[in-house]
Structures are given as C-alpha cells and as structure tokens.
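Structure, as structure tokens:
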Amino acid sequence: MSDTPQLVIIIDFGAQYGQLIARRVRDLHVYCEIVPHTVSAAEISERKPHGLILTGGPSSVLTEDAPRLDPEIWGLGIPILGICYGMQLMAYELGGRVEQAQKREYGQAMLKKTVDSELLRDMPEEHSVWMSHGDHVLDPPAGFRVLARTDNTPVAVMGDEKRHLYGVQFHPEVVHSPFGNDMLRNFLYRVAGCRGDWTPASFIDSTVEQIRRQIGSGRAICALSGGVDSAVAAALVHRAVGSQLIPIFVDHGLLRKNEKEEVIQAFERIGMPLTTIDAAERFLSRLKGVKDPERKRKIIGEEFIRVFEEQAAKISAERGPIEFLVQGTLYPDVIESGTGQAAVIKSHHNVGGLPEDMQLKLIEPLRNLFKDEVRRLGASLGLPEEMVWRQPFPGPGLAIRVIGEVDDERLEALREADFIAREEIARAGLSREIWQYFVVLTSTRSVGVMGDGRTYGFTAALRAVTSQDGMTADWAEIPYPVLRKISNRIINEVPTINRVVYDITSKPPGTIEWE
C-alpha cells in the first residue's frame, strides 16, 4: 500500500457545514483536507488529489466581491463536485446562467431525477433533500446536462460527465438529506475513483512509516498532558521508533483530581514508562494575576515548550541529542486557532500559543484528525479502554476552567467540584452518551444561606455537551435527578461554592470550553 492516502480536497467558501462535509467524506473511508478558496491550481496539482469538493457559502456569485476560484483549477482534469454556492460558482465561471431565484428554497424539497447518471446511481427517482439558497442555476454551462430538479429549482443537479464536473444545489452532508451519503459515495467511488480504504489500520501503517523517515536515527520527546490526544500520539510514535521516543509528563499544577497518578499507571500498563516533571510552582507563578484567557493559553503554551526544551537539553547531555517534540494537536485545534483567512476563535496552547523561537522540530501525527477518529485510532493501537474514552482535557488544564485569576484556592475548589460531577455522571451510566462534561469555576460570587448563616461563595457551572467531532455541539439533556445529585454534593462538599448552574448553550454560538 502507498504511504500516501488517496486525497480529496475540500475547497471552503465559508460554508456553515464545511466541517460536516469533511466528516462525511472520512466516514466513507476517504481521506480529505479543507483548504481556503484562495488555493492556487499549482498547489492543488502538486498534491495530486483524486477529487475536489467545493463547499457552500453565504455569498452570491452575482456580487463583485464574491469569493472566486483560480480559473485554471477547472482545467486540471480532476473530478469536481460543487455544493450549493460551489455549484453556482461552477455554472457562473463556466458560462452558465445564475440568477436570484423568484422563490427561495429553505428546508425540505423533493428532488426528481431527470436522466440517469453516475452521480445519482442507485438512488430513488424522487427523494427528499435539504435546500438553503436564494440564487439558483437557470441554465447550465455548455457540455452539462440537467440531472435532477425540484419544483422551485429547474437545475438542482447538473453534470458534465466527460469532464467529471458535477454540481448539486442541495446539501448532501446533512442528515435532512437522507440519500446524501449515497450521492457522496457515488462521487467519491464512481466518479473520482477512490478506493475507500482509509481506515485506522491504514492510517497507522502510513503514519508509522512517515514518522520513521522523519526521525530516522534521531530521538524525540513527547509532550503528555493527560488527555487522549497526546496519549494516542505517543503510542503512535512509540510504535514507529520505540525507545527513541521519551514520553514526558508535565504536572503543571492544573490537572484534575488524581490525574497524575492515573496517567502514570495507565502508561506503565502499556509498557511506556514516563519521565514525570513537577512544574506546578513554575506555571502558577507565571499565571499569577493573569485573567485574560488568551494570555493564559499563550503563557501555558510557551512554558510547556520551555520545560520540554530544558528536559531535552538535560537528556541530550546524558544520552545524546534530541531534535523532535511530539504533540497531540488535532484538526479542530488548528481550525479554531485561525489558519489563512479564518478567524481565531481561541489560541490552542499547542498551536497559537507556541513560541516563535522554539528549538525542537514538531511532530504532530494527529494534526489532520478529528476527536472521534483519534479514539478509533487509539483502540486500534491497543490502548486501554479507560484511556481511549478518557474525558477530553485541554492542554492548559484547569487554568481555562477557572474564570479569571488562577490560584491554589480556586483550583482546589474546581478539582473537587469537577470530580463530583464526573463521578455522578459515570454512576448514572451517561459517560459514553455525553461527549464531554466538566465543571467551570466562575468569577461570580453570590449570597447564600447555609444553616442559619450567610455565605458569599463562588458559582460553579456544569458544562455537558453531545457532539461527534467537537466542531459543533449541543448541550446534553442530563436527567434532573442526576443534576440534583451533582448540585447537592458540590454545595455540601466544597465549602467555597454555594451555587451551581447548568450551561445550556450550543456550539456555535458558544465554544465547549468557556475560555
């Protein structure tokens, strides 16, 4: 098998569902990556993709400032699927006619096939699809046929089957288009000729070979934070280079209750002993007086690197030089930290928080994976179930779950409250149903009454969400008896907290973490 997986490139025009398209493609066992619409034909050609998918977007191709595509991309001979705006752009750029629709389509519509085609092969003659558009294609470009329509959209699907160019007005990636996955499968397999063999096993094989080539006879240290991402990254690199990897676990004083001991024991069980560094005082002193979350992330990111550099220098002096640093960076980390023209949502400590003068070369084997893919990868690598399904935990740790300044008192209160919440959710059998759950210690104090006395304590917020990949999320509907038990225990067992609230904000508009 080739070391390089077959690639489909998703060109993003600001789509609401851009990440969802990527998830659907990967669920069909085809590797894909998202790039901005400013990508050049030369950059595309160099990567030799099997297919291109153009996303939807909020713009109209009829406006002067609408995002365009390098015109040479149309002539590369690569199969292209345009979705919504991507279809309209294809039609507009190749000589078709696009206009503002007399009747806009938002929501469910009935798609009716007009001719047989590879794109709609083995799909019902009529089926429901999800529409969301104000413009539509009135006449397709020369060489294209109308493959399907709806009552309000005369060209709902079009295709130039000789050049393998297709456009669909609906959104096949959403669950409201029940046959959308079949259409994507047809494009990937029948049109683009993808094998559909991108699996955890194939990813392990190709990535192990890449890591071996990259490290060669050198040595690497791995930054372990206690979460599943860094654990899987360490296991993957360890499989590639064995004892050339030195896993380092830094206790930055921002860990959850019992976390240090649990992590050490888990890695010992899989035969990967850790070098443990106690740096709590060092991190907390740098965070003293800091309230801004971006500053917290950048301070922690920089300090992590400095600790690893110092440890690498120490090991190098004793056992020979170390050139590489392994991190468990994921695709959502990269996206949210801002790439290209994308906005910075928050600087992840391992992306936007890295110092510019870093001495070690980075190895990030999970950089293009989503969280659920990392879990499947961890299982394939033979990691213990409790490690693979460990609650997601950010590298900056509890520092970004303490709102405002971080100190020992607030950290201790948060550790206890978070432990109670996680314990009760696990007891209720909800730990696999909920994507992520934790407690935030807010900076808000409120008056309370305990016994006959007045209290003025912190407010704790419980956050629990359901999600597939962390890019979007909805708040979890935890049963009231479980919420009551969590609240009662926190208030009774954590002296500095006298109020518990439940966060019912989805992502977007909120993020999963508060900071």
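Points to keep in mind about this one:
- Top-ranked residue of region 479-494 - restricted to ones that are among the β-branched types (V, I, T) and within 17 Å of R463 (Cβ to Cβ), ranked as surrounded by the fewest Cβ atoms within 10 Å (Cβ to Cβ): V482
- Test: S431 is more than 19 Å from the chain's Cα centre (by Cα), of a type in the set (G, A, S), farther than 24 Å from K288 by Cβ and surrounded by fewer than 15 Cβ atoms within 10 Å (Cβ to Cβ): yes
- Condition met for V449 (of a type outside the set (D, E, K, R) and either within 21 Å of the chain's Cα centre (by Cα) or modelled with pLDDT of 90 or more (or both)): no
- Restricting attention to region 162-184, the residues that are within 17 Å of S117 (Cβ to Cβ) and touching a Gly at 6+ places or on another chain (Cβ under 9 Å) add up to 9.
- In region 191-231, the residue that is nearest to S380 (Cα to Cα) out of those that are among the polar types (S, T, N, Q) and outside any loop (DSSP other than H, G, I, E, B) is S202.
- Taking region 466-515 as the range and being modelled with pLDDT of 95 or more and touching a Lys or Arg at 6+ places or on another chain (Cβ under 7 Å) as the test, only D503 passes.
- Residue match in region 220-229 (condition: under 20 Å from T4 (Cβ atoms) and in contact (Cβ under 8 Å) with a residue 60 or more places away in the chain): no
- Scanning region 354-374 for residues that are crowded, with 19+ Cβ neighbours inside 10 Å and within 25 Å of E423 (Cα to Cα) gives K371, V374.
- Within region 1-32, the set of residues being open to solvent by 30 Å² or more (accessible area, probe 1.4 Å), within 18 Å of G196 (Cα to Cα) and either assigned to a strand (DSSP E or B) or not hydrophobic (A, V, I, L, M, F, W, C) (or both) comprises S2, D3, T4, P5, R24, D27, H29.
- Residue count for region 43-72, restricted to those that are open to solvent by less than 20 Å² (accessible area, probe 1.4 Å), in a loop (DSSP other than H, G, I, E, B) and in contact (Cβ under 8 Å) with a residue 60 or more places away in the chain: 2
- Criterion (touching a His at 6+ places or on another chain (Cβ under 8 Å) and either surrounded by fewer than 18 Cβ atoms within 10 Å (Cβ to Cβ) or of a type in the set (G, A, S) (or both)) met by exactly one of G159, G193: G193
- Being open to solvent by less than 10 Å² (accessible area, probe 1.4 Å) and not charged (D, E, K, R) is true of V232.
- Annotation note: Cβ proximity below 6 Å between a residue of region 499-512 that is at negative phi and a residue that is open to solvent by 40 Å² or more (accessible area, probe 1.4 Å) and part of a strand (DSSP E or B) (sequence gap 6+ or interchain) occurs for I504/W475; S506/D474.
- The set of residues in region 448-462 that are free of Cβ contacts under 8 Å to residues at least 40 places away in the same chain and open to solvent by 50 Å² or more (accessible area, probe 1.4 Å) comprises V449, G451, D452, R454.
- Every condition in (1) touching a residue at least 24 places away in the same chain (Cβ under 8 Å); (2) farther than 21 Å from E515 by Cβ holds for E259 except the one numbered (2).
- Scanning region 302-322 for residues that are of a type outside the set (D, E, K, R), assigned to a helix (DSSP H, G or I) and either more than 30 Å from the chain's Cα centre (by Cα) or closer than 12 Å to V250 by Cα (or both) yields a total of 9.
- Whichever residue in region 96-129 is acidic (D, E) and on the phi < 0 side of the Ramachandran plot and, among such residues, is least open to solvent (accessible area, probe 1.4 Å): E105
- R213 being of a type in the set (K, R), free of Cβ contacts under 8 Å to residues at least 60 places away in the same chain and either over 23 Å from P273 (Cα atoms) or open to solvent by less than 10 Å² (accessible area, probe 1.4 Å) (or both): yes
- Selected residue (criterion: nearest to V191 (Cα to Cα)) from residues of region 135-170 that are of a type in the set (V, I, T) and in a loop (DSSP other than H, G, I, E, B): V155
- Any hit, region 92-103, residues being at pLDDT below 95, in a strand (DSSP E or B) and farther than 21 Å from F13 by Cα: yes
- Qualifying residue in region 237-252 (condition: modelled with pLDDT of 90 or more and under 20 Å from D408 (Cβ atoms)): yes
- Selected residue [more than 21 Å from A22 (Cβ to Cβ) and buried (at least 18 other Cβ atoms within 10 Å of the Cβ)] from P172, P141, P154: P141
- Taking each residue of region 19-42 that is over 21 Å from G57 (Cβ atoms) and looking for partners that are among the acidic types (D, E) and outside any helix (DSSP H, G or I) with beta-carbon atoms closer than 9 Å, six or more apart or interchain, yields H29/D197; V30/D197; A42/D70.
- Given (1) assigned to a helix (DSSP H, G or I); (2) open to solvent by 40 Å² or more (accessible area, probe 1.4 Å); (3) over 20 Å from I9 (Cβ atoms), number of the condition N181 does not satisfy: (3)
- S132 vs. criteria part of a loop (DSSP other than H, G, I, E, B) and surrounded by fewer than 23 Cβ atoms within 10 Å (Cβ to Cβ): no
A quick yes/no check of all residues on (1) more than 24 Å from the chain's Cα centre (by Cα); (2) of a type outside the set (D, E); (3) closer than 22 Å to A266 by Cβ; (4) open to solvent by less than 20 Å² (accessible area, probe 1.4 Å):
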| position | (1), (2), (3), (4) |
| --- | --- |
| M387 | no, yes, yes, yes |
| P392 | no, yes, yes, yes |
| G395 | no, yes, yes, yes |
| I400 | no, yes, no, yes |
| E412 | yes, no, no, no |
| A417 | yes, yes, no, yes |
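The values are calculated or read from the model by the stated rules, or taken from the named source; none is laboratory data. A quick note: this is a predicted structure, and the numbers were derived from the prediction, not measured. Virtual Cβ from ideal backbone geometry, glycine too; neighbours counted across all protein chains shown. Note: areas computed on protein heavy atoms with side chains; ligands, DNA, RNA excluded. Shrake-Rupley method; radii C 1.70, N 1.55, O 1.52, S 1.80 Å.
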